[in-house]
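A.B. asks: Could you have a look at this structure, given as structure tokens, before my questions?
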Amino acid sequence: MRHLIDILDLSKQEIDELLATANDIIDHPADYAEVCHGKKLATLFFEPSTRTRLSFEAAMYELGGNVLGFSEASSSSASKGESVSDTIRVVSNYADIIAMRHPKEGAPMVASMKSSVPIINAGDGGHNHPTQTLTDLLTISREQDRLDHLTIGFCGDLKFGRTVHSLLCAMARYEKVKMIFIAPEELKIPDYLITEVLEPAGVEYVQTTDLESVIPELDILYMTRVQRERFFNEADYLRLKDSYILTPPKLAPAKSTMRVLHPLPRVNEIAVAVDEDPRACYFEQAKNGKYVRMALIMKLLGVTK
Ligand code: CP
């Protein structure tokens, strides 16, 4: 039995296979309409979500399966003090696979040790979000036709942004990927990702506070929201929340082939006027999330078309 807790639980070859399956689902959805008939996905969301939970649920329905679960901790027995371990031991009797989001880093790992069915980490605190990474990889590969030889700018809250942490771990495995981290001093990428992931892999990287000086060299600009829910102090959030706001004039010097990604939700960091720019790709990215989650559910359940 396999779980997906960290994106590095998947080999590069497995990721390539998942992306190939997702692309085939996009091209031939009818071929997959019944492959999960009789199977159930539980979505256990102890923290809010729109895209991840609903795309998982849509994914399972489009594979012919069924869905059960809860969308907030307050409507589960966690609100009465039940532990994650006990919840998982119970729910794994009711479902064939579980997608779980939790505010505590490591909670899906704990769940995987108690579960009798595959666990998918749908986001744990400021730590990891591996299925967002699969979504991002599918989007980058579809838009740029490759995952290597790319310059990627990560901009915004790189300290708490779990989607950035997972994506940089995945991209570090591809040839000649250069990473540019654009963040205020207080929201810089955690040091452990530099010393334990990027440097051992020999990835070229730059840290800067200035988006405008680097935007012309980017193939991908990965914007992120400042994560209000992870701040200890509201005053710090208010001071930092508008550090970067992408507007049409700021986007003007970028390559015509550059793509703007954002895991969403957006707050204020991309002006709505940017949505009309052909380089804006974040709504397409959210759509891709459903297809890659379909491919992942199939893989972890061991079903084929
Ligand atoms: N990208 C993402 O995780 O969005 P949700 O919080 O809406 O699931």
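A.B. asks: Using Cα pairs closer than 8 Å and at least 6 residues apart in sequence, work out the relative contact order for the chain, in percent. The partial results should precede the final answer.
C.D. replies: On the way: 590 pairs, mean separation 61.6, N = 305.
Relative contact order, the chain: 20 percent.
A.B. asks: Right, next: Just going by the charge dipole of the range 131-285, with Lys and Arg at +1 and Asp and Glu at -1 on Cβ, which of A201, Q132, S213 is farthest out on the positive end?
C.D. replies: Ranked along the dipole, the leading option is Q132.
A.B. asks: Can I ask one more? Can you give me the Cα centroid spacing of the range 171-198 and the range 63-103 in angstrom?
C.D. replies: Using only Cα atoms to place each centre, the spacing works out to 33 Å.
A.B. asks: By DSSP, what percent of the beta bridges with both residues in the chain are antiparallel, rounded to the nearest 5? Don't skip to the answer; put the middle values down first.
C.D. replies: On the way: 1 of 36 bridges.
Once the DSSP bridges in the chain are tallied, antiparallel ones form about 5 percent.
A.B. asks: Divide by every residue of the chain the summed helix terms, -39500 (n - 2.57) for each DSSP H run of at least 4, and state the resulting mean residue ellipticity at 222 nm, rounded to the nearest 500 deg cm²/dmol.
C.D. replies: The helix-only estimate for the chain comes to -10000 deg cm²/dmol at 222 nm.
A.B. asks: Extension gain T304-D277, at 0.36 nm per residue separation less the Cα-Cα distance, in nm?
C.D. replies: Result: 5.9 nm gained on full extension.
A.B. asks: How about the range 184-279: which chymotrypsin sites (Phe, Trp or Tyr not before Pro) there lie in a loop by DSSP and see at most 15 other Cβ atoms within 10 Å?
C.D. replies: F232
A.B. asks: Next question. Go ahead and collect, in residue order, the members of the range 61-84 whose backbone nitrogen is under 19 Å from a label point 7 Å along the Cα-Cβ direction of D31.
C.D. replies: The answer is 62-65.
A.B. asks: Still on this model: List every DSSP H helix in the chain whose Cα atoms extend 15 Å or more along the helix's own long axis and whose mean Kyte-Doolittle hydropathy is at least -0.5.
C.D. replies: Details: long enough: 12-27 (23 Å, -0.27); 51-62 (16 Å, -0.56); 130-144 (21 Å, -0.52); 282-301 (28 Å, 0.03).
Span-like helices in the chain: 12-27, 282-301.
A.B. asks: Could you tell me how far the Cα centroid of the range 257-303 sits from the Cα centroid of the range 141-169, in Å?
C.D. replies: 12 Å
A.B. asks: Could you give me the ³J(HN,Hα) list for the range 41-47, computed from phi with Karplus coefficients 6.51, -1.76, 1.60 and θ = phi - 60°, whole Hz, x at Gly and Pro?
C.D. replies: 9, 9, 9, 10, 10, 8, 9
A.B. asks: A follow-up question, please. Need one number: nm distance between label points at K104 and E284, each 7 Å from Cα along Cα→Cβ, rounded to one decimal.
C.D. replies: About 4.1 nm separates the two model spin labels.
A.B. asks: Separate question: Can you list the GluC sites (Glu not before Pro) in the range 125-222 that are in a DSSP coil and have 13 or fewer other beta carbons within 10 angstrom?
C.D. replies: Listed in order of number, the matching sites are E175.
A.B. asks: Put +1 on the Cβ of every Lys and Arg and -1 on every Asp and Glu Cβ in the range 107-233; which of N121, I180, L147 then has its Cα farthest towards the positive end of the dipole?
C.D. replies: Positive-end residue among those listed: N121.
A.B. asks: Taking the Cβ-Cβ separation of S77 and D236 as r and a Förster radius of 35 Å, what is the calculated FRET efficiency to the nearest 0.05?
C.D. replies: 0.55
A.B. asks: Next question, about the same structure. If I take R0 = 30 Å and measure r between the Cβ atoms of L54 and R228 in this structure, what FRET efficiency does the formula 1/(1 + (r/R0)^6) give, to the nearest 0.05?
C.D. replies: Efficiency, rounded to the nearest 0.05: 0.90.
Every number in this text was worked out from the coordinates using simple rules, so none of it is lab data. Bear in mind that the values here come from a model prediction, so they are computed numbers and not experimental data. Positions of Cβ are backbone-derived with ideal geometry, glycine not excepted, and every protein chain shown enters the neighbour counts.
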